[in-house]
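For reference, the structure discussed in these notes is given below.
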Amino acid sequence: MKTSPKSIFARVFTTSFIFAAVLVAFGIFTAFTLSKVQVGGPHFTQIVQSKDLVADILPPPACILEAYLLTFQITATINASEREAYVTRLGQTEKEFYESQQVWRDALPESRMKAALVVDSAKPAEDFFKLVNERFLPAVKAGDLDAARRLIASEMHDRYVLHRQYLDEVVKLGDQFGTDRKPAAAAVVRRNTIFWGVLGVAGLLIAVVFSFISIRRLTRTLQEPALAKAG
């Protein structure tokens with residue numbers, strides 16, 4: 001059974017149409033997916049909210065607030081096992097502080113925010129833990145809780161306050177950093193979306209034109225024998 005030029009034309013046209021439809025569907029799906037995960041999108045917002053929630057609940061290791069609170073609990077309790085648990089936790093907070101400092105020292109680019117965190121706020125915190133290990137804990141172990149309380153209210157308090165002042169600066173700088181970067185990140189996503197959209201449309205047009213030319217040539221080729229016979 002012979003295949004007519006019109007039948008071949010229809011088949012090639014259908015194939016080209018399916019290809020174009022798949023390409024358009026892919027572009028729409030990609031744009032939809034990007035809108036969900038881009039900066040400001042619903043998934044991005046949920047991730048940020050979850051991290052903010054955890055930060056609101058857990059004590060931050062880069063801040064010695066929990067360690068400072070533990071010194072009060074150590075001197076306030078009359079239960080020996082409870083005091084030992086507080087002392088153990090105090091040692092863990094020191095370890096977590098130094099680990100956090102190392103993480104941010106490696107991760108952050110050179111900036112005032114980095115210096116405020118890993119240099120300015122770290123120095124009084126290190127002095128705080130030095131007081132804890134060299135004077136506070138020895139006084140507690142010796143049973144001289146009054147001396148331990150006086151140390152908390154004086155030198156350790158001063159170190160904590162200074163440490164917190166620099167952390168407040170880090171928070172302000174961090175908020176500003178995030179505010180400045182969000183428009184830039186959104187602009188990058190927008191430019192890339194436009195680029196891929198234009199590229200997709202151009203590719204579609206090229207495919208349509210190429211298919212049309214191919215169909216015309218194929219049709220002429222198939223018609224030549226018939227025209228030759230007729231001639």
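The values are calculated or read from the model by the stated rules, or taken from the named source; none is laboratory data. Computed from a predicted model, the values in this text were never measured in an experiment. Every residue, glycine among them, receives a Cβ derived from its backbone with ideal geometry; neighbour counts consider all protein chains shown.
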- Task: Give the residue, chosen from 139, 148, that is without any contact (Cβ under 8 Å) to a residue 40 or more places away in the chain and in contact with a helix residue (DSSP H, G or I) (Cβ under 8 Å, 6 or more places away or on another chain).
- Result: 139
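Within region 173-190, can one find any residue that is among the acidic types (Asp, Glu), modelled with pLDDT of 70 or more and surrounded by 13 or more Cβ atoms within 10 Å (Cβ to Cβ)?
Keep residues of region 173-190 that are among the acidic types (Asp, Glu), which gives 175, 180.
This time we only want the ones that are modelled with pLDDT of 70 or more, so: 175.
Imposing the further condition that a residue be surrounded by 13 or more Cβ atoms within 10 Å (Cβ to Cβ) reduces the set to none.
There is no residue in region 173-190 that is among the acidic types (Asp, Glu), modelled with pLDDT of 70 or more and surrounded by 13 or more Cβ atoms within 10 Å (Cβ to Cβ).
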- Note on the structure: Within region 106-154, the count of residues that are under 19 Å from residue 169 (Cα atoms) and among the polar types (S, T, N, Q) comes to 2
- Note on the structure: Filtering region 151-172 down to residues that are exposed (fewer than 14 other Cβ atoms within 10 Å of the Cβ) and farther than 18 Å from residue 121 by Cα yields 153, 154
- Check whether at least one residue in region 75-96 is in a helix (DSSP H, G or I), surrounded by 14 or more Cβ atoms within 10 Å (Cβ to Cβ), on the phi < 0 side of the Ramachandran plot and under 23 Å from the mean Cα position of the chain (by Cα), and report yes or no. yes
- Note on the structure: Restricting region 51-110 to residues that are among the small types (Gly, Ala, Ser) and more than 23 Å from residue 136 (Cα to Cα), the one modelled with the lowest pLDDT turns out to be 55
